[in-house]
Each structure stands twice: as structure tokens, then as C-alpha cells.
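Visitor: Handing you this structure, nothing more for now.
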Amino acid sequence: MEIDGCLLPEDRRYDLEHDVWWHEEEGGTARLGILSTLGAFAGPFVSFAFRPVDGRVEAGRSVATMESVRYTGAVRLPVTAEIVERNPALPGRPRLLNDAPYSEGWIVRVRPVDPLPEGSPLETAEAIAARLRERIRSRHIRCWPATPDAVLYEIGSECSAVLARLNEELGRRDAGTHLLLVTDDPTSPIELVRWSDQTGYPVLAHRREEGRHEFLVRKEAHPRPRRRPEAPAP
């Protein structure tokens with residue numbers, strides 16, 4: 001399911017208090033990862049490290065730590081389990097927690113010590129949906145198809161000036177960068193379509209929030225414009 005633009009797969013269970021999901025596998029093991037809403041709230045993760053724990057790990061103990069520019073937190077087990085495997089990609093690519101939280105960004109595989117007890121913190125997606133929606137609202141969480149690397153605020157500027165600043169900002173960025181543009185220009189939905197056609201840089205998503213427009217754009221290594229830039233008026 002999707003809640004206010006944030007994915008919440010229904011094939012696993014969740015410990016909402018600790019922002020983790022639990023996906024059972026054949027053979028009695030399960031994978032653990034974080035909710036996409038945590039990644040959206042934290043912003044791009046820049047550091048990830050596993051804690052030196054082995055064997056039986058009690059419920060509530062942390063198995064890893066993660067850090068972004070504005071967030072530092074621990075990954076905690078919802079139930080007592082033994083660690084079977086750690087995701088070797090995460091220490092070198094912590095952004096997987098943002099970009100693929102329900103797939104490549106899994107954190108550990110574990111084997112529960114006992115069958116999941118009655119009253120365990122693990123709940124279905126349907127059971128946590130209303131509480132997660134309230135969390136998204138209260139924390140002003142915005143989920144996007146890709147995690148923004150930077151935000152460009154252009155409030156009170158005409159669209160021509162906004163696009164000039166957008167081009168300038170993207171010119172300084174590497175290919176693959178995702179930039180979130182926030183503007184209050186009412187013509188921006190039309191102008192961003194034209195800009196995308198002219199530059200070849202895609203607009204991945206558009207959201208309107210309280211009189212402002214938010215656009216997620218991506219800088220391509222080899223853009224393919226669909227129309228030529230318009231010549232300036234004589």
C-alpha cells in the first residue's frame with residue numbers, strides 16, 4: 001500500500017516504534033530493514049556501521065547505527081534473535097537505506113530464538129497505517145521517488161529567474177543528482193514541463209503544498225532534449 005506517497009509493503013510486518021520492518025523467509029529466517037518514512041525524514045544517510053554483536057541478541061538491542069546530516073539513530077531488533085547475515089553493501093553504500101529500503105537496503109538476516117510471542121511489537125501494514133499517516137503529517141515527512149540530494153528554495157521569484165537558478169545549481173552538480181525545487185510561482189507547472197523538454201532533465205515528481213510547488217528533478221549524464229530552446233525575443 002501507499003500512504004501519502006510513502007510505500008508500505010503488505011508482505012511484511014512492522015515495529016513502528018523503532019521504524020523497522022520484518023520479512024519472514026523460508027527456513028525460519030527473516031530480514032530486517034527500516035521504513036521508507038525514516039529515510040525520508042532523515043535525509044540522505046552518509047554513514048552506516050554494524051555493531052559488534054553476535055549470537056543471541058535480545059529484543060530492543062541495537063545491531064547497527066546510521067547517520068545523516070540531521071539524524072543519528074540505531075537499528076533495533078523487535079524480537080530476540082540470532083544474527084545470520086549482515087548486508088555487506090551498506091557500510092560502503094549507506095544511501096541504499098534511502099533508495100531501496102525494502103529491497104537492497106535490508107540490514108540483517110536473523111533467526112528468531114523462539115516463535116513470535118503473542119503481543120509482539122510486529123504488526124501488519126494495515127494495523128499501523130493510521131498511526132503512520134499521523135506520523136507523516138506531524139513530522140512533515142515527504143516521500144519522493146528518489147531521495148533529494150539538495151533543496152533549492154525559490155520563493156517570490158518569477159519563473160524565468162527560478163529556472164536560471166535551477167540551471168546554475170544543476171551545473172554544479174554531478175550526474176545522477178536529485179534536486180528538489182520549491183517555488184511559489186503559479187506558472188511553474190507549465191514552465192517546468194517546457195524546461196524538461198528543452199534540457200532533457202526529467203521531472204520525476206510534482207507536489208503542491210499550501211500554495212507552493214515542489215518538483216523533484218534529476219541531472220542526467222547524457223540528457224536528450226525533446227525540443228530546442230526557444231530563441232530570445234528580438
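Visitor: If we only count strands (runs of 3 or more DSSP E) wholly inside region 70-128, which ones have 1 or more residues that are more than 22 Å from F41 (Cα to Cα) and in the same structural domain as S47 (by TED's automatic domain parsing)?
Guide: 81-86, 108-112
Visitor: Still on this structure, please answer the following. Which numbered condition in (1) charged (D, E, K, R); (2) assigned by TED's automatic domain parsing to the domain that holds V20; (3) surrounded by fewer than 15 Cβ atoms within 10 Å (Cβ to Cβ); (4) touching an Asp or Glu at 6+ places or on another chain (Cβ under 8 Å) is the only one that R173 fails?
Guide: (2)
Here's the yes/no breakdown for (1) modelled with pLDDT under 95; (2) part of a helix (DSSP H, G or I):
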site	(1), (2)
H23	no, no
G27	yes, no
R31	no, no
T37	no, yes
F48	no, no
V53	yes, no
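Visitor: Please find, among P223, P189, the residue that is part of a loop (DSSP other than H, G, I, E, B) and not assigned by TED's automatic domain parsing to the domain that holds L35.
Guide: Every option except P223 fails the conditions.
Visitor: Can you pull out every residue in region 21-48 that is of a type outside the set (F, W, Y), buried (at least 22 other Cβ atoms within 10 Å of the Cβ) and over 12 Å from E67 (Cα atoms)?
Guide: A30, L32, G33, I34, L35, S36, T37
Visitor: State which residue pairs qualify: first residue buried (at least 18 other Cβ atoms within 10 Å of the Cβ) and inside region 51-76, second residue among the polar types (S, T, N, Q) and not in a strand (DSSP E or B) in any location, beta carbons under 8 Å apart, and separation of 6 or more residues or different chains.
Guide: Cβ pairs passing all conditions: V57/T80.
The values are calculated or read from the model by the stated rules, or taken from the named source; none is laboratory data. What you see is a predicted model; the values in this text were computed from it and never measured. Heads up, the Cβs are rebuilt from the backbone with ideal geometry, glycines too, and the neighbour counts pull from every protein chain shown.
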